[in-house]
Amino acid sequence: MTKTRLLDAEVTAVKLFEAVERNNLIIPGKSEAQLASEVADLAFKKFGIQDHWHKKIVRTGINTLATYSENPAVKTITEDDILFIDFGPIVEGYEADLGRTYVIGEDPIKWKLKNDVEKAWYEIQAWYQMQTSLKASDMFQYVVGKAGEYGWTFTGEIAGHIVGKFPHEQPPDPKSFELDIHPSNHNDMFLLDANGNKRHWILELQFIDIEKEIGGYFEQLL
């Protein structure tokens, strides 16, 4: 039941992102903050989404190198830019968490980055689905290696986390990473939660090129 509700929430989030593209909201000259506000407004007006369980992220240009925990100075979208959007809407009490990369212009390197991070996501998902037992730390290292296969660097403190009915399960120690895909989490990702229910994971990938100062992002239910 929970998985079905989470998938339904994700479908709504995908439709929201499609509406962002359809309404041509991603244009040069607009600040990250303005675009984030417009996405939130669209989420409410079109889908009735009022609440988001994590901060609303739009990152463009050099800010695409910044990880989730960072709060870089707001930048403005420029011509020939790359950017990503990461939103966590709550849909009928369940959490979605969706991230997508967008490229303005025809820069082949930026388009390669956008396409690579998405292809890598699905390759990692296929590998994960063949496992019956897997430490989160091993999953993290697999993600790092996959980024390298494509010629990029993986950045970010984690490569994913659990989601569920809002608010999702929290670890006994709030400073721990035992419910994240993190190099220090050696727990099996297939362990059941405290109530004996299956956990549902988000896989989030952020590939970057430090020298070119660009990053690409792709995130959704694993």
- Quick one: is Gly99 at negative phi, surrounded by 21 or more Cβ atoms within 10 Å (Cβ to Cβ) and modelled with pLDDT of 95 or more? yes
- Message: Kindly evaluate Pro172 against the criterion of being over 16 Å from the mean Cα position of the chain (by Cα), more than 21 Å from Thr67 (Cα to Cα) and part of a loop (DSSP other than H, G, I, E, B).
- Response: yes
- Note on the structure: Checked Glu18, Glu38 against criteria (free of Cβ contacts under 8 Å to residues at least 12 places away in the same chain, out of contact with any strand residue (DSSP E or B) (no Cβ under 7 Å at 6 or more places or on another chain), of a type in the set (Asp, Glu) and part of a helix (DSSP H, G or I)); the one match is Glu18
- Message: When you scan region 103-122, do you find a residue that is without any contact (Cβ under 8 Å) to a residue 40 or more places away in the chain, β-branched (Val, Ile, Thr) and in a strand (DSSP E or B), even just one?
- Response: yes
- Quick one: would you say Arg22 is among the basic types (Lys, Arg), crowded, with 18+ Cβ neighbours inside 10 Å and out of contact with any Cys (no Cβ under 8 Å at 6 or more places or on another chain)? no
- Message: Considering only region 145-162, I want to know if a residue exists there that is among the hydrophobic types (A, V, I, L, M, F, W, C), assigned to a helix (DSSP H, G or I), without any contact (Cβ under 8 Å) to a residue 40 or more places away in the chain and out of contact with any Asp or Glu (no Cβ under 8 Å at 6 or more places or on another chain).
- Response: no
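The values are calculated or read from the model by the stated rules, or taken from the named source; none is laboratory data. None of the values given here were measured: they were computed from a predicted structure. Glycine also receives a Cβ, built like all others from the backbone with ideal geometry; neighbour counts cover every protein chain displayed.
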